[in-house]
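The values are calculated or read from the model by the stated rules, or taken from the named source; none is laboratory data. Just so you know, these numbers come straight off a predicted model, no measurement behind them. Virtual Cβ from ideal backbone geometry, glycine too; neighbours counted across all protein chains shown.
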Ligand code: BGC
């Protein structure tokens, strides 16, 4: 309330001939203002001319683009996504924006590609089920970004995985709103711990890349509230992003960036979020309708945007009475208060600072090691026995490096015309490419860890030769890759299934290491003995893979998404469509769809093996606030130290699916060690969205709580009786 009133006062002041004021007395600089972020923003606003205000509402593309299509403005940071000029007269710094989903990403020509630290993919981080890991990764990105002079990071990607073929799944955090929301929220908090702003994106229901700029995601409101929007809501509660990026696509008709329901009703009025909305690059389609819907800043002018928020257009809309000066002031105030609130003004960024790459690479490697998922391990083939003498690695460029995902989130590993790419020249070499391999060779790392073994490499192009090499070895490790990228959707299989088949036919001890953007079909799964999902493992991926294979690291990742057996198990088996993309499955996403339809996946949500084993006991339930708490003991019942991801599922009647993930905890245990664990279940996960009486409604009754090793291996269950409850749309956890 207080901030709204202040804003009105400031708006009135903003009309009081500021140009004259500016001449009479020197302005109060941003850093000199005092009070709350809203008060400080109001002080600034009161001193700004209309032109100055309008200049903050449109961002420019930050990178040069070849061939001579666009030259970035002076003042922008080389190779960056965006630039909003500052106001030196008032001490308001520019907003230097960088893509930052898995590290500081750069675009444009060769000299502008900065070598920065890439984390494993977002999906790999989600597979750690480790909040601390997600936070540490975000903090690492933020540190490097700050050292590069960026103060607004385009991070916090939390679109739900509805479509396993979505080319951007690797940037996101999987199919469950609780897991994705918590993990991405932690990443955002980590980024922002560096006194800079992070976005959450892409708001909302931007769940495929096919026709992303024109497609209309059709999803019934209650279902949206319980799925895609809930993931954002939880990420906001955990991470408090300063900014939200509205998406390219339409949602139930209107474009995301001119959507009053999404941008004003949900974000502001219901969630009480005080930040500013910036558009995806080129996602704006109007001036007045976008302003009136709640968009604050258009991004990417110059290369992509149509400049709907250029000063002359905003002025024309003002003159026509389609928008008001109060609205402009509010938009500017939101941007400024966010810069104050997140430390951007008081802790200005400076380009060219020292980056501790050794420390940052260690963060990336720890994330990869915790996120790699051991999917199958027949007869304990892994970890590689010290007795395995002759090992052959086949395919996937495993002699040179590890794969990464493409698009605006692409982080380059180092210097040189190809940005340090370990395997340059693979098509596509330009957008949505290039295909980038990080120089972290699984072959070299394995050789270092197993000095007494004879480890060779076959590139896998000639299947017969690969099969013969496999035959001659004691054990074969096939690297099966799937490259995915922003702006495309991808077939749900690895590049060369028949290579895996040929090797498996000739070598019983075949291990497959997957590097994929998301779930893939595995027609050969029954014929290989071990499968390791390495995702896109980031800058130190070769070391992480080798350490998991040899047992230097005990695998502990768990799937953040279901791996189907076949396409026809999906809600929409056909290829992603243009036009209306009708999500008839509603909130029944991922494992919920598989559970509700009695489908047996290849590997279920939550699945992940270890070289040790865990036992659970003593499950008890108690009420806590409007929700509940599950308490239980986890014991490491094997003979190696290892981490477990304990999963709590909840069941109620009349829900979209038989069970939902209620909460989770990652526990690190020495052999024989037991820990008591408590997992709180958010009351919204025990309720349904009520359209008739907006908010979350829970019927009185008996609810079941399950303790799982995965969504399909339930080891204990208990019941609790809960009263009816209605939570308003404003409800948030304390
Ligand atoms: C992507 C965004 C990205 C922006 C700026 C867009 O194409 O969808 O995620 O932040 O470009 O590079």
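Observations, loosely collected:
- A single entry from 662, 708 fulfils the requirement of being crowded, with 22+ Cβ neighbours inside 10 Å and closer than 12 Å to residue 627 by Cβ: 662.
- Scanning the range 504-533 for residues that are under 30 Å from the mean Cα position of the chain (by Cα) and surrounded by fewer than 21 Cβ atoms within 10 Å (Cβ to Cβ) turns up 521, 523, 525.
- Set 586, 541: member being assigned by TED's automatic domain parsing to the domain that holds residue 440 and modelled with pLDDT of 95 or more: 541
- Scanning the range 634-664 for residues that are out of contact with any helix residue (DSSP H, G or I) (no Cβ under 8 Å at 6 or more places or on another chain) and closer than 25 Å to residue 596 by Cα yields 645, 646, 647, 648, 649, 651, 653, 654, 655.
- Residues located in the range 438-488, provided they are assigned to a strand (DSSP E or B) and either in contact with a helix residue (DSSP H, G or I) (Cβ under 6 Å, 6 or more places away or on another chain) or buried (at least 19 other Cβ atoms within 10 Å of the Cβ) (or both): 438, 455, 457, 458, 475, 476, 477, 478, 479, 480, 481, 485
- Members of the range 385-432 found to be within 16 Å of the ligand (Cβ to nearest atom), under 23 Å from the mean Cα position of the chain (by Cα) and either modelled with pLDDT under 95 or in a strand (DSSP E or B) (or both), listed by number: 406, 412, 431, 432
- Residue that is touching a strand residue (DSSP E or B) at 6+ places or on another chain (Cβ under 7 Å) and assigned to a strand (DSSP E or B), where the choices are 532, 500: 532
- Residue within the range 677-686 that is modelled with pLDDT of 95 or more, farther than 30 Å from residue 612 by Cβ, over 24 Å from the mean Cα position of the chain (by Cα) and surrounded by fewer than 18 Cβ atoms within 10 Å (Cβ to Cβ) present: no
- Where a residue in the range 133-158 is closer than 22 Å to residue 362 by Cα and its partner, wherever it lies, is away from the ligand (no atom under 15 Å from the Cβ) and assigned to a strand (DSSP E or B), with Cβ under 9 Å and at least six apart: 133/666
- When residues of the range 184-215 are limited to those that are without any contact (Cβ under 8 Å) to a residue 60 or more places away in the chain and part of a helix (DSSP H, G or I), the one nearest to the ligand (Cβ to nearest atom): 188
- In the range 276-290, the residues that are closer than 17 Å to residue 322 by Cα form Cβ pairs under 6 Å with partners that are within 15 Å of the ligand (Cβ to nearest atom) and assigned to a loop (DSSP other than H, G, I, E, B), at six or more places apart or across chains, as follows: 290/284.
- Filtered residues of the range 514-542 (kept if touching a helix residue (DSSP H, G or I) at 6+ places or on another chain (Cβ under 6 Å) and closer than 19 Å to residue 445 by Cβ): 534, 535, 536, 537, 538, 539, 540, 541, 542
- Top-ranked residue in the range 216-246 [being free of Cβ contacts under 8 Å to residues at least 60 places away in the same chain and under 16 Å from residue 295 (Cβ atoms); ranked as surrounded by the most Cβ atoms within 10 Å (Cβ to Cβ)]: 246
- Filter result (within 13 Å of the ligand (Cβ to nearest atom) and either without any contact (Cβ under 8 Å) to a residue 60 or more places away in the chain or farther than 22 Å from residue 295 by Cβ (or both)) within the range 43-71: 62, 63, 65
- Picking from residues in the range 110-141 that are in a helix (DSSP H, G or I), within 16 Å of the ligand (Cβ to nearest atom) and surrounded by 24 or more Cβ atoms within 10 Å (Cβ to Cβ), the one that is farthest from the chain's Cα centre (by Cα) is 141.
- For residue 282: the one exception among (1) more than 16 Å from the ligand (Cβ to nearest atom); (2) closer than 19 Å to residue 207 by Cα; (3) surrounded by fewer than 24 Cβ atoms within 10 Å (Cβ to Cβ): (1)
- Selection status of residue 646, part of a strand (DSSP E or B) and either within 18 Å of residue 613 (Cβ to Cβ) or under 22 Å from the mean Cα position of the chain (by Cα) (or both): yes
- Residues of the range 161-178 satisfying the condition of being assigned to a helix (DSSP H, G or I), more than 16 Å from the ligand (Cβ to nearest atom) and under 11 Å from the mean Cα position of the chain (by Cα): none
- Test: residue in the range 101-109 that is within 30 Å of residue 270 (Cβ to Cβ), modelled with pLDDT of 95 or more and either within 16 Å of the ligand (Cβ to nearest atom) or surrounded by fewer than 20 Cβ atoms within 10 Å (Cβ to Cβ) (or both): yes
- Unique match (being on the phi < 0 side of the Ramachandran plot, at pLDDT below 95 and in the same structural domain as residue 429 (by TED's automatic domain parsing)) among 452, 463, 493, 458: 452
- Flag if residue 526 is in a loop (DSSP other than H, G, I, E, B) and either at pLDDT below 95 or assigned by TED's automatic domain parsing to the domain that holds residue 446 (or both): no
- Qualifying residue in the range 575-593 (condition: under 26 Å from residue 373 (Cα atoms) and over 24 Å from the mean Cα position of the chain (by Cα)): no
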